Amino acid sequence: MRWRLIIVPADSDIQKVEDLRGRTIAFTEPTSNSGYKAPVALLASQFNMVVDKDYKTVFSGGHDNSILGVANKDYEAAPIANSVMKRMIARDKIKAEQVRSIYRSQTFPTTGYGYVYNLDPKLAEKVREAFFSFNWEGTSLQKEFSRSGEAQFIPITYKEYWAVVREIDKQMGVKYVP
């Protein structure tokens with residue numbers, strides 16, 4: 001599971017989210033859920049901060065760029081995925097002490113796999129078994145995701161793990177049609 005963090009340069013005078021008022025925040029790109037839509041929605045719902053009213057926006061082009069930009073003091077702040085930052089630290093792209101987090105969201109589901117509620121129970125069990133018996137050893141998945149402690153499939157529920165996603169959808173006015 002991932003968290004969304006808002007990071008600032010380690011020596012920044014920004015100490016809490018409210019200190020971002022009047023500042024510039026580096027988002028990844030306007031179409032990104034995790035790099036723009038989710039943080040904008042969470043800033044609005046949790047801190048009553050409206051995009052381009054209470055803070056200015058710039059776009060970095062990706063989580064890696066946002067993290068590097070904050071580490072190098074090119075950006076005042078950036079919302080990022082903690083797992084991307086962990087992998088960058090593990091690859092020695094930045095030093096952990098270059099940045100500081102001022103916000104951590106609820107856990108976010110990364111990629112979710114599921115099956116329809118009315119799938120034959122025997123087939124549903126085989127789907128679960130395929131995921132939970134997957135051998136990560138020696139795979140490129142293991143190489144990439146072990147850096148952030150995510151080299152495994154875990155069971156999740158919509159009710160528990162998608163609460164933050166539902167909050168973002170509500171804030172963004174997303175409606176799903178049956």
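The values are calculated or read from the model by the stated rules, or taken from the named source; none is laboratory data. These figures come from a predicted structure and were not determined experimentally. Cβ atoms come from the backbone with ideal geometry, glycine included; neighbour counts cover every protein chain shown.
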Within the range 119-156, track down each residue that is exposed (fewer than 15 other Cβ atoms within 10 Å of the Cβ), at pLDDT below 80 and part of a loop (DSSP other than H, G, I, E, B).
-> Gly149
Go through the range 1-47 and give me each residue that's of a type in the set (Gly, Ala, Ser) and either in a loop (DSSP other than H, G, I, E, B) or more than 21 Å from Met172 (Cα to Cα) (or both).
-> Ala10, Ser12, Gly22, Ser32
Considering only residues that are loosely packed, with under 10 Cβ neighbours inside 10 Å and either among the hydroxyl-bearing types (Ser, Thr, Tyr) or at pLDDT below 85 (or both), look in the range 102-118 and name the one that is farthest from Asn33 (Cα to Cα).
-> Tyr117
Can you name every residue in the range 59-73 that is part of a loop (DSSP other than H, G, I, E, B) and over 23 Å from Val164 (Cβ atoms)?
-> Gly61, Asn72, Lys73
Among the residues of the range 160-170, is there at least one that is in contact with a strand residue (DSSP E or B) (Cβ under 7 Å, 6 or more places away or on another chain), assigned to a helix (DSSP H, G or I), touching a residue at least 24 places away in the same chain (Cβ under 8 Å) and within 30 Å of Glu18 (Cβ to Cβ)?
-> yes
Looking at Lys56, Lys93, which is the one that is surrounded by fewer than 18 Cβ atoms within 10 Å (Cβ to Cβ) and either at pLDDT below 95 or part of a strand (DSSP E or B) (or both)?
-> Lys56
Matching residues in the range 11-32 (under 20 Å from Gly69 (Cβ atoms) and either within 20 Å of the chain's Cα centre (by Cα) or without any contact (Cβ under 8 Å) to a residue 12 or more places away in the chain (or both)) number 13
Which members of the range 97-118 meet the condition of being over 30 Å from Leu20 (Cβ atoms) and part of a helix (DSSP H, G or I)?
-> none
Would you mind finding the one in Ala96, Ala90, Ala77, Ala81 that is touching a Pro at 6+ places or on another chain (Cβ under 9 Å) and not aromatic (Phe, Trp, Tyr)?
-> Ala77
Which listed residue is touching a residue at least 60 places away in the same chain (Cβ under 8 Å), within 24 Å of Glu160 (Cα to Cα) and either touching a helix residue (DSSP H, G or I) at 6+ places or on another chain (Cβ under 7 Å) or surrounded by fewer than 20 Cβ atoms within 10 Å (Cβ to Cβ) (or both), from Ala41, Ala77 = Ala41
